[in-house]
1. Reachable lysines from Lys31, Cα under 19 Å, same-chain residues fewer than 8 places away excluded?
2. For Lys66, which lysines qualify as cross-link partners when the Cα separation must be under 25 Å and same-chain residues fewer than eight apart are set aside?
3. Ranked by accessible surface with a 1.4 Å probe, highest first, in what order do Tyr225, Tyr107, Tyr179 come?
4. For the chain, list the DSSP H helices whose alpha carbon atoms reach 30 Å or more along the long axis and whose average Kyte-Doolittle value is 1.0 or above?
5. Where a ≥ b ≥ c are the square roots of the eigenvalues of the C-alpha gyration tensor, would you call the stretch 141-260 rounded, which needs a/c under 1.5, or, failing that, prolate if a/b is larger than b/c, or oblate?
6. Roll a 1.4 Å probe over the protein chains and send me the accessible area per residue for the chain in Å².
7. In what order, largest first, do Val47, Val190, Val100 sit by accessible area if the probe radius is 1.4 Å?
8. Under unit Cβ charges (Lys, Arg +1; Asp, Glu -1), what dipole magnitude, rounded to 20 debye, does the stretch 36-185 have relative to its Cα centre?
Amino acid sequence: MTTLTASASTSAAAEANKPSFGRLMLSEWTKIRSVRSTVWSLAILIVVTLIFTALFMQMGVANWDKSDPGQQAEMRLDPTGTILGSGILLSQLAVCVLGVMVIASEYSTGMIRASLLAVPKRVPVLLAKAAVFGLLVLAVGELTAFGSFFIGAPILGDKAPVAIGDPGVFQAVAGTGLYLSLVGLFALAVGAIIRHTAASITGVIGFVLVLTPMAALLPGKVGTYVYAYLPTQAGFMITQQQTRVGDVLGPWQGIGVLALWTAALLAVAAVLLRRRDA
């Protein structure tokens, strides 16, 4: 009778000490904010985006009379896409690198073993890490996107006037923060699958900078659809103020495609996390 009572008390104590999802998120937040690479990567995202936005907008205005009429018409049709695309296109690499490092660096240091020892079911650890990282990048991404717009719009000024209250503008600016968050989670999922920092960063950057632009060269209708449905190309559609002639996907359709790619990779990462040794 005494043994059964002690066993029941032990089980109740273990259940009470079982880490909740909120505690897991708090633990992941402590880890991510205590790493210098987080601060540096997010600072690079903000600074590079704002500098490149101001630089490219100044160059566009200075060379306005030399640019062809088609380019001028495109900028007048979608000035928001021109502003947001000038800085985010390069600075998103900082989010990609950070997304990989958030999880792959734990494998290289062995910290992941301590995390999984505390949470034997494993998958909640990945979900908590993804939730904390995604929310952090979403907040910083929104700050970056709105800062980029309010720097670029006055510079573009008389050439292609645009205001935050114009149709589709707020959606594009706010959606850009969501795009950055999803791209970061896409990179995190790749890091969780490959589990090697250098290889994962190489793979993600190669996909964004090499494979996706090369897919634009594929001939025919099939090539057009393959290019349009690649994750970063599809998601980047959200930066556009409105759908352009020839676009396969609209802004929210594109961000939906990126979300599906990210969810699929996170699902693969979750299955592998349960099956492989840490």
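The values are calculated or read from the model by the stated rules, or taken from the named source; none is laboratory data. Since the structure is predicted, the reported quantities are computational estimates derived from the model, not experimental observations. No Cβ is skipped: glycine too gets one built from the backbone with ideal geometry, and neighbour counts run over all protein chains shown. With ligands, DNA and RNA removed, areas are computed over all heavy atoms of the protein, side chains included. Shrake-Rupley method; radii C 1.70, N 1.55, O 1.52, S 1.80 Å.
1. Candidates past the 8-residue exclusion: Lys129.
2. Within reach: Lys159.
3. Tyr225, Tyr107, Tyr179
4. Span-like helices, by this rule, are 36-62, 79-109, 123-156, 169-194, 251-275.
5. Cα axes put the stretch 141-260 in the oblate bin.
6. Per residue, the chain has 50 Å² of solvent-accessible surface.
7. Numbers: Val47 80, Val190 25, Val100 0 Å².
Largest to smallest exposure gives the sequence Val47, Val190, Val100.
8. 780
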